[in-house]
Amino acid sequence: TPESHRSVLLGKENVIIKEGKLLEVIGEAKVEKAIVETGEGNEEILVSAVFPLSGEVSSSQFLQSLPVSQTNGFLHVDAEMQTNVPGLYAAGDIVAKKLRQIVNAAGEGAVAATSAISYVHQLRRKQG
């Protein structure tokens, strides 16, 4: 978690930050518990909400050889989910944006896929 976020969050009386791997979120009609794997073993914590991956880091290192427009490893895309590199599309958490949720990633993936298909069809028409 970036230090600025950590300071603000720790200033709240109802917030705890656990370093570790989130193994499970448990609850019937709402979030009630989280199981976190820490260096000291698994810990069950009573919670009413879980916000994993605060301060995410992009995994765009594999694109280092391309001149892809990005900020802090998050790629810039247009409305069709295409980067500034022709034929390179992106969706999900690798995209520079404010909200990182699976529902958004799924929609972006659909847009990126249909855009990539259109791009390939255009290339084929040009080739003849």
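So, in nm, how far is label V103 from label L123 when the simple model puts each one 7 Å beyond its Cα toward the Cβ?
Going by the 7 Å Cα→Cβ label model, 3.4 nm.
Can you count the Lys pairs in the chain with C-alpha separation below 22 Å, eight or more apart or on different chains? Please list the in-between numbers first.
Working: K12/K30; K12/K33; K18/K30; K18/K33; K21/K30; K21/K33.
Step by step, the pairs that qualify in the chain add up to 6.
Which value, in Å², gives the accessible area per residue of region 8-128 when a 1.4 Å probe is used on the protein heavy atoms? Before the final figure, lay out the partial values.
Numbers: 8840 Å² over 121 residues.
On a per-residue basis, region 8-128 sits at 73 Å².
Calculate the translational D of region 1-121 in whole µm² s⁻¹ from Stokes-Einstein, where the hydrodynamic radius comes from the Kirkwood formula applied to all Cα pairs, the temperature is 37 °C and the viscosity 0.692 mPa s. Could the numbers behind the result be given before it?
On the way: Rh = 17.0 Å.
The estimated diffusion coefficient comes to 193 µm²/s.
How large are Rg and Dmax for region 50-128 when only the alpha carbon atoms are used, in Å?
13.9, 53
I need the phi-derived Karplus couplings for region 40-47: 6.51 cos²θ - 1.76 cosθ + 1.60, θ = phi - 60°, integer Hz, Gly and Pro marked x.
Those phi angles translate into 9, x, 7, 10, 9, 10, 6, 9 Hz.
R0 = 22 Å: FRET efficiency of E28 with A49, Cβ-based, nearest 0.05?
Values: r = 15 Å, r/R0 = 0.69.
The calculated FRET efficiency here is 0.90.
Tell me the angle of helix 102-127 to the major Cα principal axis of the chain, expressed in degrees between 0 and 90 and rounded to the nearest ten.
10 degrees
The values are calculated or read from the model by the stated rules, or taken from the named source; none is laboratory data. What you see is a predicted model, and the numbers here were worked out from it, not measured in a lab. Neighbour counts run over all protein chains shown; Cβ positions are idealised from the backbone, glycine included. Each accessible area value is taken on the protein alone, full model and side chains, heavy atoms only, with ligands, DNA and RNA left out. Shrake-Rupley method; radii C 1.70, N 1.55, O 1.52, S 1.80 Å.
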